[in-house]
Amino acid sequence: MPGIPDPLAQFFPMSRGNAVHGFMGSIGVARLPTDSIGNFTLTLTNLVIGSAIRIELLGDGSLIEYRVADAASEVFVVPAYGSGNPGNSLRIKVRKSSSAPFYKNYETQATALVGSQSIFVSQIPD
């Protein structure tokens, strides 16, 4: 924080979610619901190379990440939020329809949490 002497800066960090207790009181900065509490590492395996991958929010369909698979396994790092936050509910869509051989849509859901998860993608020829 500007204007706080360096010896006190360690007690008043710039990030949210930290608190200092003592001196017969406490000083803290609370996290907002939009603040991530960590990262969720999602690994998709058994992908058909060339498949389009779309990760979106389950509720409103907002795009989180889109890419085309260039390997049989793809790793995504997305933010994880506090328990009950709708930003943790993910829909994962995979489809190879740009060139032959074509594959049917594959869709699944995941819940983001601090840590990692692996999902086996079962793509069926169209």
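What follows draws every value from the coordinates through simple rules; no lab data is involved. Values in this document were obtained by computation on a predicted structure and should not be read as measured data. With ideal geometry, Cβ positions are generated from the backbone for all residues, glycine too; neighbour counts draw on all protein chains shown.
Within the stretch 57-88, the set of residues being of a type in the set (Gly, Ala, Ser) and out of contact with any Ser or Thr (no Cβ under 6 Å at 6 or more places or on another chain) comprises 59, 61, 62, 71, 72, 80, 82, 83, 84, 87. Applying the condition of being among the basic types (Lys, Arg) and closer than 12 Å to residue 58 by Cα to the stretch 73-97 and asking which residue is farthest from the chain's Cα centre (by Cα) yields 93.
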